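The values are calculated or read from the model by the stated rules, or taken from the named source; none is laboratory data. As the structure is a computational prediction, the values presented were derived from the model and not from experiment. Cβ coordinates were reconstructed from backbone atoms using ideal geometry, including for glycine residues, and neighbour counts include every protein chain displayed. Please note that ligands, DNA and RNA were not included when accessible areas were found on the heavy atoms of the full protein model with its side chains. Shrake-Rupley method; radii C 1.70, N 1.55, O 1.52, S 1.80 Å.
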Amino acid sequence: MLTHDENELLCRVEGTAPMGQLMRRHWTPICLIEEVSEPDGAPVKARVFGEDLVVFRDTNGDVGVMDEYCPHRRVSLVFGRNEDCGLRCLYHGWKMDVKGNVVEMVSEPAASVAANKVKHTAYPVREWGGFVWAYMGKDYGTPTMPEFAPPAWAPTADTQVTIAKAIVPCNWAQILEGAIDSAHSSSLHSSDMLPARIATAQTTETTWLRPSTDKAPRLQVERTGYGFRYAAIRRPIMNAASNDYVRSSVFVAPATTLIPPNNLYNVANINVPMDDTNTAFYFMAWGHKRQTPDTATWRKFLGQTVGVDLDAKYRPLRNRDNNFWQDRDAMKAGNFTGITGFPNQDIAMWVTMGPIADRTHERLGASDLAIVEFRTLMLDALKAFQAGRAAIGTGDLAIPSTVCAFQAIVPKATDWRTYAASYVWDEAVPALDPSYST
């Protein structure tokens, strides 16, 4: 367990909070590209690290990520006019381009040079892997700002990345810990991730199949410059005397998890702190276009469809007030949780921990090794950053392109650390069955 002060350091991201400052030294997803797909379309509100932002695509198709509030009288630009390559405030007509330049001040005299003296906060932007990214470190726009690098789950421009998004009302760290906690899946998700006599993990249109019934994995961790790798080692259903079933996940600091794949596509998640008590949770399937589900299919499979499971702002309709739509009759009939969609099962657990989990009262066990490593690693990384060292996972510490999550049944003598793994990308594998669709 952590002390109160350690918990505060780990979780707080707003303003000058040290963890927020460390996280700002990474390129960060701000919203989905689909949210701002239309030139001169409606601006979108975003909130990251406690900072309110407005995102818009201008007439030329360029995307801007700016301070939400007009530099004049601080009214919201989300309601502004997106026109003629700029966002115009409704209050007095000031207009800013995607770089934060004030290009018009219609409320000022024609001879005024005031526009030359005002620069609105606008962050560097890249579009990649289905996201609008921005760099929000205090060194943005300077030579020390890192170049954007494709994330491990979108290594190339032709990688299909399919994303489900949910706004979860709790701290980023407890969500991240859920993503790296392999042991919970054998209980919480036991009605959706079913044991089967198969040679490798597989997916169907309704479930993920696993070749193991073992609910108490042995965990091993390998710390790295970008985070850590770890293995959850279970007994396989077949040939258990000679083989192990290994599921190796990768934590990429500060907030990404590469999750062991199935037979068709890879899986990852990234957790973007909106503020101390709200998180944008993104869950991605990625890989070859023949084998990776499309957006509608993926969101339906996960129970994360806007208008069905989420409101128009990606907030889950399942919540504490309605018991997350838990079906007790289904539980009596054999469903373990009574909650449909395994991300919804996770969300119920994260939210019921409270806005910021109180880790001073926990009682951890052997299955929590990765959780302990995450906390220790990030607090160590924070100390190093405050001492003037580079932020974890940046520069020479960035994750190598050869690192990936994997799952495999291997001989017991195999060392998972040196196992020759590669991400799932094989045109020879059959495409998704037509039944795996909406």
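For the reader, a short list of remarks on this structure follows.
- Charge dipole of the chain about the Cα centre (unit charges at C-beta), most positive-ward option of Ser242, Thr337, Trp133: Ser242
- Summing +1 for each Lys or Arg and -1 for each Asp or Glu among the other residues whose beta-carbon sits under 10 angstrom from that of Ile356 gives -1.
- Coil-residue GluC sites (Glu not before Pro) of region 5-106, DSSP, other Cβ within 10 Å capped at 14: Glu83
- Helical segments meeting 18 Å axial Cα length and Kyte-Doolittle -0.5 threshold in the chain (DSSP H): 369-386
- 3J(HN,Hα) from dihedral phi, region 184-191, Karplus parametrisation 6.51/-1.76/1.60, rounded to Hz, x for glycine, proline: 5, 5, 6, 10, 4, 9, 5, 8
- Only Lys, Arg (+1) and Asp, Glu (-1) charged, at Cβ; the chain dipole about Cα centre in debye: 700 debye
- Using a probe radius of 1.4 angstrom, the carbon and sulfur fraction of the accessible surface of the chain is 52%.
- For the chain, calculated [θ]222 nm from helices alone, where every DSSP H run of n ≥ 4 adds -39500 (n - 2.57): -4500 deg cm²/dmol
- Neighbour-limited loop hits for GluC sites (Glu not before Pro), region 329-434 (at most 15 other Cβ within 10 Å; DSSP other than H, G, I, E, B): Glu362, Glu427
- In order through region 30-37: 3J(HN,Hα) via Karplus (6.51 cos²θ - 1.76 cosθ + 1.60), integer Hz, x for Gly, Pro: 9, 6, 7, 4, 4, 6, 10, 7
- For the chain, a/c is not less than 1.5, where a ≥ b ≥ c are the root eigenvalues of the C-alpha gyration tensor, and a/b tops b/c. That puts it in the prolate class.
- Within region 378-403, backbone nitrogen closer than 19 Å to the virtual label 7 Å beyond the Cα of Asp139 toward Cβ: 381-399
- For the chain, the Cys residues with no second cysteine's beta carbon closer than 4.7 Å are Cys11, Cys31, Cys85, Cys170, Cys404.
- Accessible solvent surface per residue of region 263-340, calculated while the other protein chains remain in place, 1.4 angstrom probe, Å²: 45 Å²
- Only beta bridges with both residues in the chain are counted; by DSSP, about 95 percent of them are antiparallel.
- Of the residues Lys313, Lys117, Lys412, the one with the largest accessible area comes first in the ranking Lys117, Lys313, Lys412, computed with a 1.4 Å probe on protein heavy atoms.
- Under Karplus coefficients 6.51, -1.76 and 1.60, residue-wise ³J(HN,Hα) of region 86-91 in Hz, glycine/proline x: x, 10, 9, 5, 6, 6
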